[in-house]
Amino acid sequence: MKKIYLVVLLIVSQTFAQTEDEKQMRKIYDAALDNGKAYDWLNYLSNQIGGRLSGSVQAQQAIDYTKAQMDSLGLDRVWLQPVMVPKWVRGTPEFAYMETSPGNTTNIPICALGGSIPTYGRGIKANVIEVHSIEELKTLGKEKISGKIVFFNRPMDPTSVNTFEAYSGAVDQRGKGAAEAGKYEALGVIVRSMNLRQDDFPHAGGMNYGDIPEAEKVPAAAISTNGADLLSATLKLNPNIQFFFKLNCKTLEDVESYNVIGEIKGSSNPDEIMVVGGHLDSWDLGDGSHDDGAGCVQSMEVLRILKKTGYKPKRTIRAVLFMNEENGLRGGRKYAELAKTKNENHIFALESDSGGFTPRGFSFDASEENIKQAESWAKLFEPYYVHMFVKGFSGADISPLKNDKIVLAGLRPDSQRYFDHHHAENDTFEHVNRRELELGAAAMTSLVYLFDKYGIQ
Ligand SMILES: [Zn+2]
């Protein structure tokens, strides 16, 4: 008899607990969808400030603006965390054309890749060799590559339903293509944009020379998908056409910048720290609305919603707007380094850096127990259609915090349109939908609430 009573009590208390969580999540969603602030903040970041390349005036304006906004939320503490960042500048816009016969030219949309050296002098004009992978480049060797412009033209795989997988499958050409081509005496590199769509936008992005000698460094640019197809088709008709490109970019001295941090102190376990974040820097072609203005304003919104709903977190909750994810990850590294020096105990970190689209769920990089724990809450997210909980990569900025215990998580929005905009001129405010952005902020707040309430296993 006693046993039955206990079981009934357990079921009743569990049902009650579930109801409490359901109620709190409803409150969170209401606060996000009715008079939420994320969209207005993003409007300012995008339309009043614009692209926020590390070390730029706009990056500093974004730091000042987001700090002032967090100051106005009545948080326990808001501060700037200094970090030295690289300063790469694009200079005057790039220019390229292909020449099918002397004087017969067609302009091609390109943009310098972040970190590239310029084309010194008057630009580079040479024959083009098209390759589809770094392996193919190696097979061709110096004999075929020397004195030419290498054209990396492997598209993102259109059959990948998760477009981030398609991105990972192609992005080595952008990241390492120039360093590899330089070893075979190429004169420069042009890379098909990381874009699943056919259009005329070249997509920027980081590239790295690694530790190759100065003399082997060659300039690198992205070419739009339409431009890439046109060039490829023309090369098939006439392999001897010439390609001209001029880049005016350069790398200046490192400059001081900041991560922007806002915090609500935990009521009972203040030493356990939970982070929610995105990156404040962006590429310069568009205004960085999806990448990653969205993640920043959603993270700020998490703190605002917690306050607004009157929820008093047990643990310390921080919104961290990381600087320099795009071309260095210095902000993420500095944050983790200081957390370690100060012996801070981070138990959880959630990043939103996949665009401000309709949230579908979360990815988790954590122990099996903690992944199970998170999965047990998926049901609570079902009414909001955010219940795709998967194991996987969380986010670049929070990755330096990784250890055996921490739960790292990433917001997973629908990814189909992300690469239409990623790092390109059309990553702009009008492509972010207010409700989709707010739903993301509500989902993030809900996950933070649950991990705060129940802790980690
Ligand atoms: Zn990003």
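For LYS250, a cut-off of 17 angstrom between C-alpha atoms picks up these aspartates and glutamates, skipping any fewer than 8 places away in its own chain: GLU94, GLU214, GLU216, ASP284, GLU326.
The amide H of ASN195, built 1.01 Å from its N in the peptide plane, has MET156 as neighbours under 5 Å, considering only residues 5 or more places off or on other chains.
Computed 3J(HN,Hα) for region 286-302, one whole-Hz value per residue from the Karplus formula 6.51 cos²θ - 1.76 cosθ + 1.60 where θ = phi - 60°, is x, 10, x, 5, 6, 10, 9, x, 4, x, 5, 5, 5, 5, 4, 5, 4, glycine and proline marked x.
Once the Cβ-Cβ distance of SER146 and ASP404 is raised to the sixth power relative to R0 = 56 Å, the FRET efficiency obtained is 0.70.
Descending by average beta-carbon neighbour count within 10 Å, the peptides 110-116, 44-50 line up as 110-116, 44-50, the highest first. Extension gain for the segment HIS132 to ASP271, taken as residue separation times 0.36 nm less the Cα-Cα distance, is 45.0 nm to one decimal.
Per residue of the chain, what 222 nm ellipticity follows from adding -39500 (n - 2.57) for every DSSP H run with n ≥ 4, rounded to the nearest 500?
Working: 13 runs with 160 residues, N = 457.
Here the helix-only value at 222 nm equals -11000 deg cm²/dmol.
Please state the shape class of the chain: rounded when a/c is under 1.5, otherwise prolate if a/b exceeds b/c and oblate if not, all from the C-alpha gyration tensor. Prolate.
Normalising the average separation of contacting C-alpha pairs (under 8 angstrom, six or more residues apart) by the number of residues puts the relative contact order of the chain at 21 percent.
For region 381-390, putting each phi into the Karplus relation 6.51 cos²θ - 1.76 cosθ + 1.60 with θ = phi - 60° gives couplings of 8, 4, x, 9, 6, 10, 10, 8, 9, 10 Hz, in residue order, rounded to whole numbers and with x for Gly and Pro. Given their separation in residues at 0.36 nm each and the Cα-Cα distance between them, SER101 and ASN35 gain 17.8 nm when the chain is fully extended. Label sites at LYS217 and GLU369, each approximated as a point 7 angstrom past Cα along Cα to Cβ, lie 4.9 nm apart.
In terms of distances greater than 27 angstrom between alpha carbons, the cross-link table entries LYS27/LYS340; LYS142/LYS217; LYS125/LYS217; LYS314/LYS342; LYS314/LYS405 yield LYS27/LYS340. For region 331-336, putting each phi into the Karplus relation 6.51 cos²θ - 1.76 cosθ + 1.60 with θ = phi - 60° gives couplings of x, x, 5, 5, 4, 5 Hz, in residue order, rounded to whole numbers and with x for Gly and Pro.
Need the full-extension length gain, ASP229 to THR139, defined as separation in residues times 0.36 nm minus the C-alpha distance. One decimal, nm. Walk me through the numbers before you get to the answer.
Details: separation 90, 0.36 × 90 = 32.40 nm, distance 2.31 nm.
Here the segment from ASP229 to THR139 would lengthen by 30.1 nm.
Each label was represented as a point 7 Å from its Cα along the Cα-to-Cβ direction; for ASP76 and THR341 these points are 2.3 nm apart.
Could you tell me the calculated FRET efficiency between ASP199 and ALA378, based on Cβ-Cβ distance and R0 = 35 angstrom, to the nearest 0.05? Kindly include the intermediate steps, with their values, before the conclusion.
Details: r = 36 Å, r/R0 = 1.04.
In this case the efficiency is close to 0.45.
Centroid-to-centroid, using Cα positions, region 85-133 and region 364-391 are 46 Å apart. Probing with 1.4 Å while keeping every protein chain in the model, the per residue accessible area of region 46-205 equals 43 Å².
The values are calculated or read from the model by the stated rules, or taken from the named source; none is laboratory data. If you're wondering where the values come from, they're calculated on a predicted model, not measured in any experiment. Counting neighbours? That spans all protein chains shown, and the Cβs are built from the backbone with ideal geometry, glycine included. These accessible areas exclude ligands, DNA and RNA; they are computed on the full protein's heavy atoms, side chains included. Shrake-Rupley method; radii C 1.70, N 1.55, O 1.52, S 1.80 Å.
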